[in-house]
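Okay, here's the structure, questions in a sec.
The values are calculated or read from the model by the stated rules, or taken from the named source; none is laboratory data. A quick note: this is a predicted structure, and the numbers were derived from the prediction, not measured. All Cβ positions, glycine included, derive from the backbone under ideal geometry; neighbour counts span all protein chains shown. Only protein heavy atoms, including side chains, enter the accessible area calculation; ligands, DNA and RNA are left aside. Shrake-Rupley method; radii C 1.70, N 1.55, O 1.52, S 1.80 Å.
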Amino acid sequence: MTANSLIQLSLYLAVLLALAKPLGVFIARVLEGPASGGGPRIGLLERGIYQLAGITPDREMSWREYAGAVMALNLLGILAVYAILRLQGTLPLNPQGLAGAPPDLAFNTAISFASNTNWQSYGGETTLSYLSQMLALTVQNFLSAATGIGVLAALVRGIVRKTSTTLGNFWVDAVRITLYVLLPLSILLAVLLVSQGVIQNFRAYETVQLVEPLTDADGQPVTTQTLAMGPVASQLAIKQLGTNGGGFFNVNSAHPFENPTPLSNFLELLAILLIPAALCHTFGVMVKDARQGWALLAAMVVIFVPLAIATIVAEQQGVPQVAAMGVDAAPSAAQAGGNMEGKEVRFGIVNSALWATATTAASNGSVNSMHDSFTPLGGLIPMWLMQLGEVIFGGVGSGLYGMLMFAIVAVFIAGLMVGRTPEYLGKKIEAFEMKMASIVILIPPLLVLIGTALAVAGPGLTYVAGEETKGNLNNPGAHGFSEVLYAFSSAGNNNGSAFAGLTANEPFYNIALGLAMFAARYWLIIPVLAIAGSLARKKYSPPSAGTLPTHQPLFVVMLVSTVLLVGALTFVPALALGPIAEHLQMIAPK
Amino acid sequence: MTTLPKARPLFDPPIVLRAIRESFLKLDPRRQLRNPVMFTVFVGSVLTTVLGFLAIGQDQGESPAFVFAVSIWLWFTVLFANFAEAMAEGRGKAQADSLRSTRRDVQAKKLAEPRYGAPHQIVSAATLRKNDVLLVEAGEVIPSDGEVVEGVASVDESAITGESAPVIRESGGDRSSVTGGTRVLSDWLVIRVTANPGETFLDRMIGLVEGAKRQKTPNEIALNILLAAMTIIFLIVCSTLLPYSQYSVTAAGQGSVITITVLAALLVCLIPTTIGGLLSAIGIAGMDRMIQANVIAMSGRAVEAAGDVDVLLLDKTGTITMGNRQAVELVPAPGVEMSALADAAQLASLADETPEGRSVVVLAKEKYGLRGRNVQDLHPTFIPFTAQTRVSGVNLDGRKIRKGATESVARFVGENGGMMPPEVCSSVEQIAKQGGTPLVVADGPRALGVIYLKDIVKGGIKERFAELRRMGITTVMITGDNPLTATAIAAEAGVDDFLAEATPEAKLKMIREYQAGGRLVAMTGDGTNDSPALAQADVAVAMNSGTQAAKEAGNMVDLDSNPTKLIEIVEIGKQLLMTRGALTTFSLANDVAKYFAIIPAAFATTYPVLDRLNVMGLATPSSAILSAVIFNALIIVFLVPLALRGVPYRAVGAARLLRDNLVIYGLGGLIVPFIGIKAIDVLLVACGLA
């Protein structure tokens, strides 16, 4: 670790943790509603929306109704995105005259954005019109984030409420989160990003003269370049804040119009983890014990920081084979050093590696460098962070409710070890909760492992393009395996980050990954809400000296161990055949 | 835990022999199916056996010896788990056999009418039904459970309780229930049968200890779900390794695809077989430990709930204090000599056969130097205690000596033309404030002074309550005393709360209030009037000496009728849960070492570089895999004693308990297999088997 890396990492964590607390408290007030006193009052806009949509804000929902509302909104969203993408050729705001998307791509993209995954099988600037970007994708960026926070709110209410059958009103939660949290933050961030040079326009793509003309593969001179335009800032802000990650441009936040300066990079990086970290405090406020929120945040930070450092170190060390060729890869004032393949010079090693860990710790998935070009270990860590179930910060809402499922399992085992029927925050954890928590923890690994198995068994290795058969994998051997494993780890945990190097815009991957994203999102939301319903119905058992305290360092250790052990035991064999084998091959003496 | 009188050696040879036989009988797939983890091992064993036979005579692929070696150890894994369960059951069965020996077919004298002296006919006990009326005379065995409707007799209940001292059973009151299989020693009893054949207490007990009707408890079900989920994950991990390996072999252009044998071995090593194999043994052993403590739990659910108890309701008398109050001091009225008061107090108590009365005589003799004397020479007339006068005493030489509660004696003094001196009244108040019971002694119109009767708190009880507090359990004393007395005793005994002037309704209300606050309540009781509260409590221990109604309302019966047993019961419940938690942690932590053994071995031919992960330096791929499988099987046997005895519980607070157990079973579970697998590998190499 260079001094520069330490300073950047510390500054990032300090600003993140400082902002998370007040934001978390504010979100709690928003979710608890005006009745709690501190939150924003019902405004004209909010009331107008309720009247327009026929929502009775005081009507409480049972867990089944809540789940029904969530599914209704999301399924409607999927249909809307699918329709817009298919029809974009005939719709306005399409200066480039881009044609409608093929059905498999539209299917994949619709699920991808509704499920907060934002896996991109397409290149934004060459596939989607401005209308599609704004009306289809950006709208889902807001709604999927609101859905995640809403489900979390329902779960927390389930924990807090005693012998109750209801969990709040999803429509109210979604409206309030969007109006009072997501929109203001997005507007603020968008304005800041525009100040750094992020574009926001509806112009047709511009052609500019190259400063340094090139010759192409056929020896012809190339003197001009087409610059893609569009309303970038407005989509970029929520893409970062809502752990969405779907870039306006194909190369995402590596693009100079999407992330022009180190400051814009810092702001976007901050936005990735801001709401997920804040929600831990929201949890603390809502359960009326701030220490419980701190404990969960501590567990996340304890896993995140060492993994971020490991990625930075792996990338900074570079590749021995490159060093063997006599290339100077040492960091200095003039260069970042290390493994710079696939990284932007304006971000260097630290900001690329830190982004890679943050974007995979949270289920964001935006990139500012190409993970496929990372060293084997530098690539392993982002992949493993996704495989941990997207609970180290994770998606907005979904990360914390996933972490709470791990907390339930950890409490169960720890509770047994202290000789009591396990309880979490006064609610007894019994067979039903274990069943549902097991499903939540079980499904993502199943999707990842089975999806990868299916792909490498044949269907994911080659595809037919026109007359010829092409390979999906850019690289042979262990690295090729990593590319497939990474894609399914991303989709099966609703991250959306791509390793790149895998040709995924063809029917097999579009459909397989689409199904994985759908299952990973909705098959988890329903059991989580079922647990919320079950916990809400229970009585509250006040803590005693015999109760396991869940706010102390010991429990944090227990929780961290559970997350890491489940993640390691599930994925070590697969990782051994991918990045681990590749790493050992790389460092093996020739 | 205290050492229990009836504890058997853990590996009693006859039990072990029977358990070994049972281990093979339990290979029945229908029985295996009950446990998802062990059923997976069972399928793996069958699969590898078939693969072994298929490998015979093949030139390529694995050697049949290796496949059979894996297969044999997978079978052993199943057998060892069966053995653990059979051991736990065997201990229960041995207990049941000794119980069953008391249930000989006895003859019953069935009465035509429910009264002594009615004509009877001799019938077999097996034909008795509820509400039949029987006569049992001295020397006869009571044929069935029942309620005494007439008569008083001493009964030897040692067959059930192991307690050799006979007990009194009589009609009415709280000692009216009798248990089938016990013997009337003296006199006779007329009994109304309360249980049909096969439903008697003895039958239920035999059924319970044999585990015949054992059902999975709620917590066991929840744990089973977690274990099943882990099994599914590992099943997917292992089965997807086949296509991964195929891809890798093609991509790397070398090596051979992982074999089904290795995958089966890996799967069995990864799934939580340690806890899966010992889970039912732990549950049965928990019930067994209750029986060793002379407590019959009506269900495993009750044992489990005992670990969760937050509030203990304890009767003051007999639990917190010695059964009876004792006279500790005499306070004379002004102008009365101490010797005169002592003399009068003794005289008034001479005919009083209650323990309190006797303690007055003893006090007068020991502390105030009065010798016993031949009172008969004075021609006394003893006045017994009656509900009307509420005083007792003696008339002799024209003196009218009385003792009793303050108001009653004040009335007596008033009737004789005297008045209570205010000093006496203040002494009375003083004593009551200290938690004592004041008895006033009067001679005709003169109040002589006050006897201080004190509740004697049992030795060591205060420490016990402090321990319970550290366990997170609130203790509540239940007493019929007035609040003043109750406060004093509560403070002396160190209980957290008390219920004074307790009535059955007040008890029930208190339990409901605690439960509404989300707490789990345990209580003991023996009387019929305890039944509603017993039925309401989450853990209700009925005394075996108590009434049938109380026993039916409770979910446990304490054969020793020792109310402090509750504390032991709670510990056994906690032990049960802790043992499950500790072995689950151990089982999961073990997997790390197994990966380091098997992954390099399984992919050695495809990616030779993965040998860098062979941190244990295991000799060959096949010895690595075999060592992991053998370790996985043997660890079950090594942990059988822990499963049967349980993880020791200490009252140190939850956080410390968790830390200690995490270090022992978590960290230990991480490290032990590295050592064990390496040792087995060294042994295999030494024997030339690698």
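With unit charges on the beta carbons (Lys and Arg positive, Asp and Glu negative) and the dipole taken about the Cα centre of chain A, which residue among A:LEU425, A:ASN201, A:LEU565 sits farthest to the positive side?
Farthest towards the positive end: A:LEU425.
What nm distance separates the two modelled labels at B:ILE168 and B:LYS462, each placed 7 Å from Cα along Cα→Cβ?
With each label placed 7 Å out from Cα toward Cβ, I get 3.4 nm.
Would you mind pulling out the separation of the Cα centroids of the stretch B:411-429 and the stretch B:485-544, in Å?
So the separation of the two Cα centres works out to 37 Å.
Ok, one more. What does the charge count around A:VAL181 come to, taking other residues whose C-beta lies under 14 Å from its C-beta (Lys +1, Arg +1, Asp -1, Glu -1)?
That works out to -1.
Let me ask you something else. Between beta-carbons, use under 10 Å as the cut-off and find the net charge around B:GLY480, counting Lys and Arg +1, Asp and Glu -1.
Taking every Cβ under 10 Å from that of B:GLY480, the sum is -2.
Then there is this: So how far, in whole Å, is the C-alpha centre of the stretch A:111-158 from the one of the stretch B:444-459?
83 Å
Keeping all protein chains in place and using 1.4 angstrom, which order do B:LEU235, B:LEU279, A:LEU73 fall into by accessible surface area, from largest down? Walk me through the intermediate numbers first.
Details: B:LEU235 80, B:LEU279 5, A:LEU73 35 Å².
The residues order as B:LEU235, A:LEU73, B:LEU279, largest area first.
OK, next. Using the Karplus curve 6.51 cos²θ - 1.76 cosθ + 1.60 with θ = phi - 60°, work out ³J(HN,Hα) for each residue of the stretch A:562-576 in order, rounded to whole Hz, and write x for Gly and Pro.
4, 4, 5, 5, 4, x, 6, 5, 6, 10, 4, x, 5, 5, 4
Going by Cα centres, the stretch A:244-259 and the stretch B:112-141 are how many Å apart?
93 Å
5 Å is the cut-off here: which amide hydrogens, built 1.01 Å from N in the peptide plane, fall below it relative to B:GLU329, excluding neighbours closer than 5 in sequence?
Here B:TYR452 satisfy the definition.
Accessible surface of A:MET286 in the full protein assembly, 1.4 angstrom probe, to the nearest 10 Å²?
Spelled out: A:MET286, probe radius 1.4 Å, area about 10 Å².
Sort A:ILE526, A:ILE84, B:ILE599 by heavy-atom solvent-accessible area, probe 1.4 angstrom, most to least.
So, going from the largest accessible area down, we get A:ILE526, A:ILE84, B:ILE599.
Between the chain alone and the structure with every protein chain in place, find the residues of the stretch B:285-328 that drop at least 30 Å² of accessible area; heavy atoms, 1.4 Å probe.
B:ASP308, B:ASP310
Rank B:SER245, B:SER63 by accessible area, highest first, at a 1.4 Å probe radius? Please report the intermediate quantities before stating the final value.
Values: B:SER245 0, B:SER63 60 Å².
Result, largest first: B:SER63, B:SER245.
Calculated from DSSP H runs of 4 or more alone, at -39500 (n - 2.57) each and per residue, what is the 222 nm mean residue ellipticity of chain A, nearest 500?
-19500 deg cm²/dmol, from helical runs alone.
Only four residue types carry charge here, +1 at the Cβ of Lys and Arg and -1 at the Cβ of Asp and Glu. Report the dipole size of the stretch A:300-392 about the Cα centre in Debye, rounded to the nearest 20.
Dipole about the Cα centre, nearest 20: 120 debye.
Something else about it: Give the residue from B:LEU47, B:ALA126, B:ALA86 lying farthest towards the positive end of the charge dipole for the stretch B:1-134; charges sit on Cβ (+1 for Lys and Arg, -1 for Asp and Glu) and the dipole is referred to the Cα centre.
Projecting each Cα onto the dipole axis, the largest value belongs to B:ALA126.
With contacts defined as alpha carbon pairs under 8 Å and 6 or more residues apart, what's the relative contact order of chain B in percent?
14 percent
Next question, about the same structure. Hey, can you list the residues from the stretch A:548-575 whose accessible area shrinks by 50 Å² or more with all protein chains present, relative to the chain by itself (probe 1.4 Å, no ligands or nucleic acids)?
The answer is A:LEU554, A:LEU565, A:LEU569, A:PRO573.
Please identify which residues in the stretch A:245-262 have an amide N closer than 13 Å to a label point set 7 Å out from the Cα of A:GLU206, following the Cα→Cβ vector.
So the set is A:257.
What's the carbon and sulfur percent of the stretch B:32-143's accessible surface, probe 1.4 angstrom, rounded to a whole number? Show your work: numbers first, answer last.
Details: 3190 of 5430 Å².
Solvent-exposed carbon and sulfur of the stretch B:32-143 make up 59 percent of the total.
I'd like the accessible area for B:GLU85: 1.4 Å probe, protein heavy atoms, all chains in place, Å² to the nearest 10.
Counting only protein heavy atoms, B:GLU85 exposes about 50 Å² to solvent.
What ³J(HN,Hα) values, in whole Hz, does the Karplus curve 6.51 cos²θ - 1.76 cosθ + 1.60 give for the stretch A:299-307 when θ = phi - 60°, with x put for Gly and Pro?
Result, rounded to whole Hz: 4, 5, 5, 4, 7, 5, 4, x, 5.
Additional query: How high is the relative contact order of the stretch B:339-491, given as a whole-number percent (alpha carbon pairs under 8 Å, six or more residues apart)?
Here the relative contact order equals 18 percent.
Right, here's the next one. Relative to the Cα centre, what is the charge dipole magnitude of chain B, using +1 at the beta carbon of each Lys and Arg, -1 at the beta carbon of each Asp and Glu, and rounding to the nearest 20 debye?
So the magnitude is around 920 debye.
Sticking with this structure for a sec: What value, in deg cm²/dmol to 500, does the helix sum -39500 (n - 2.57) over DSSP H runs of n ≥ 4 give at 222 nm once divided by the residues of chain B?
Helix contribution divided over all residues of chain B: -16500 deg cm²/dmol.
To the nearest 20 debye, what charge dipole does the protein assembly as shown have about its Cα centre, counting +1 at the Cβ of each Lys and Arg and -1 at the Cβ of each Asp and Glu?
Using Cβ point charges on Lys, Arg, Asp and Glu, the protein assembly as shown gives about 1500 debye.
Compute for chains B and A the buried accessible surface, both sides summed, probe 1.4 Å, and express it in Å² to the nearest 100. Write out the running numbers ahead of the final one.
Working: alone 29960 and 22550 Å², together 47470 Å².
Approximately 5000 Å², summed over both chains.
Can you run phi through the Karplus equation (6.51, -1.76, 1.60; θ = phi - 60°) for the stretch A:269-281 and list ³J(HN,Hα) in whole Hz, with x for Gly and Pro?
Using θ = phi - 60°, the values come out as 5, 5, 5, 4, 9, 4, 5, x, 5, 4, 4, 4, 5 Hz.
Picking from B:VAL652, B:ASN632, B:ILE671, whose Cα lies most toward the positive end of the charge dipole for the stretch B:538-690 (charges on Cβ: Lys, Arg +1; Asp, Glu -1)?
Going by the Cα projections, it comes out as B:ILE671.
If I ignore ligands, DNA and RNA and count only protein heavy atoms, how much of B:THR250 is accessible to a 1.4 Å probe, in Å² to the nearest 10?
The accessible area of B:THR250 comes to roughly 110 Å².
Hey, with R₀ at 35 Å, roughly what FRET efficiency would B:LEU484 and B:GLU366 work out to, going by the Cβ-Cβ distance, to 0.05?
About 0.80, to the nearest 0.05.
By the scheme Lys and Arg +1, Asp and Glu -1, what is the net charge of all other residues having a beta-carbon under 12 Å from that of B:LEU667?
0
Now a separate question. Return a whole-number percent for the relative contact order of chain A, with Cα pairs under 8 Å and 6 or more residues apart as the contact set.
19 percent
How far apart, in nm, are the 7 Å Cα→Cβ label points at B:LEU689 and B:GLN430?
With each label placed 7 Å out from Cα toward Cβ, I get 8.3 nm.
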